[in-house]
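The values are calculated or read from the model by the stated rules, or taken from the named source; none is laboratory data. From a predicted model like this one, the values you see are computed outputs, not experimental measurements. FYI the Cβ positions are ideal-geometry reconstructions off the backbone, even for glycines, and counts take in every protein chain you see.
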Amino acid sequence: MEFNHLTNSIENTPFFALMSDAEQIQVQEVVEGVSSQSGEKSFLVKIRPRPNSHVTKNESELLANAQLLLASGDYLLARNLFSFILRKNLRDEKAMDGLGVCFLRLKETVAAKKCFKALWEMHRRSKYAVYLGMCYLAEENDEAAFSLFQQVVDETSLEPDLKFDFQKAYGNLLMAKERWNEAEQRYLKALQWVPESAAVLVNLGTLEVQRKNHSKADGYFKKALVLEPNNSRGHFGVGLVQWENNNAQGAMDSFEKALDCDSRNGLALRYLIKIQENSSSKEQLKKRMYRFLEQEPNNGEIRFQLARILMQENRFGEASEQADKALRLLPQDERIQSLKKILIQNRHWGAT
């Protein structure tokens, strides 16, 4: 039985109960992937239980320990305990449930999906439809997730945390389908469980922008920013409302704040490019674009926009380089093709 225990705490009772009753223990320090700045050490602990060990023989106690570890966020050790139980009894619903949650929290989506698919097929409980839907969302299979969410018939049976996640995720799917009223109902239900969710408030603001209710949208975005002042999407939302109200300066200030909070906010950057189209100086804007592309090198749209700015500054060599990269990413884009032709025509500009 292998246990990956990523902590140097000595207060983990289930873990040390297993160690104290083991026939053999091997401890190996894991160096790869561990930050030296944190001061923490990571170990791989291999435990061979004694035959007829009271710790592993009592499955109900072992399950309780695994659930305790799961509740405390020790997903790695809990995962291995649940797996050990399932090796003895493959149809143990609680162990399979716990194992699926561990996999989901550890972002091992394929394994989590197998667990919840089996549970859903065997038991048809609403929570397994939700968890399986969350797995599909992680794989960007929105239609499969939406189909499962529609089969949730007993929302009251869900745990509080799962109720929030379900309502929020369902609202997102409904908003993508432009079913505004239903999406709003889901978001409001999510707020009943987590009233101070900045993410849901931003989603409600975005929904109201789509409905052209700009004043209401602005209120939601500003409530989110009170809760999370560095929420990039909140600042972007405020900027979007200002843009819709023809306040270019106010919009620009908010889009700048959004990028200060998250330099990868591509929507804020695109609006900022649009606002500064005719600005005489674009040095700060270019810095933001280069910083964005360092983190998102495969964004063809921003590379195209950077190429346009560089061409306007008669920096044809740099513009051509960016246009080439943009064209490789978006080979059918006629705007980039036209820009590239102009750059080819001016490739000798300034040569002596």
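For region 85-99, enumerate the residues that are surrounded by 16 or more Cβ atoms within 10 Å (Cβ to Cβ) and among the acidic types (Asp, Glu). Residues satisfying the conditions are ASP92, ASP97. Among the residues of region 84-113, those identified as closer than 11 Å to MET134 by Cα and of a type in the set (A, V, I, L, M, F, W, C) are VAL101, LEU104, ALA112.
The condition of being at negative phi, in a helix (DSSP H, G or I) and assigned by TED's automatic domain parsing to the domain that holds ASN65 holds for only one of LEU90, LEU162, LEU132, LEU86, that being LEU86. Cβ separations smaller than 9 Å between residues 6+ apart or across chains give the following pairs from region 94-119 residues that are closer than 18 Å to LEU69 by Cα and free of Cβ contacts under 8 Å to residues at least 40 places away in the same chain to residues that are acidic (Asp, Glu) and part of a loop (DSSP other than H, G, I, E, B): CYS102/GLU108.
Let's see how each residue does on (1) in contact with an Asp or Glu (Cβ under 7 Å, 6 or more places away or on another chain); (2) surrounded by 15 or more Cβ atoms within 10 Å (Cβ to Cβ); (3) more than 23 Å from GLU143 (Cβ to Cβ):
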position: LYS177; (1), (2), (3): no, no, no
position: GLU184; (1), (2), (3): no, yes, no
position: LEU191; (1), (2), (3): no, yes, yes
position: LEU201; (1), (2), (3): no, yes, yes
position: PRO229; (1), (2), (3): no, no, yes
position: GLY237; (1), (2), (3): no, yes, yes
position: ASN247; (1), (2), (3): no, no, yes
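When each of GLU301, GLU256, GLU334, GLU318 is tested for being charged (D, E, K, R) and assigned by TED's automatic domain parsing to the domain that holds ARG233, the lone residue that passes is GLU256. For ASP142, state whether it is crowded, with 16+ Cβ neighbours inside 10 Å, among the acidic types (Asp, Glu) and within 20 Å of the chain's Cα centre (by Cα). For ASP142, the condition - crowded, with 16+ Cβ neighbours inside 10 Å, among the acidic types (Asp, Glu) and within 20 Å of the chain's Cα centre (by Cα) - is met.
Quick check on ARG303: is it buried (at least 20 other Cβ atoms within 10 Å of the Cβ), of a type in the set (D, E, K, R) and assigned to a helix (DSSP H, G or I)? In short, yes. Looking at region 187-294, the helices (runs of 4 or more DSSP H) lying wholly inside it that each contain 2 or more residues that are farther than 26 Å from LYS163 by Cα sit at 214-227, 232-244, 248-261, 266-275. For region 143-160, which positions are within 21 Å of ARG105 (Cβ to Cβ) and of a type in the set (Asp, Glu)? The answer is GLU159, and nothing else. PHE316 falls short on exactly one of the conditions (1) modelled with pLDDT under 95; (2) under 22 Å from ARG264 (Cβ atoms); (3) of a type in the set (Phe, Trp, Tyr), and that condition is (2). Does at least one position in region 205-226 carry a residue that is closer than 20 Å to GLU301 by Cα and either assigned by TED's automatic domain parsing to the domain that holds LYS168 or among the acidic types (Asp, Glu) (or both)? Looking through region 205-226, none of the residues is closer than 20 Å to GLU301 by Cα and either assigned by TED's automatic domain parsing to the domain that holds LYS168 or among the acidic types (Asp, Glu) (or both).
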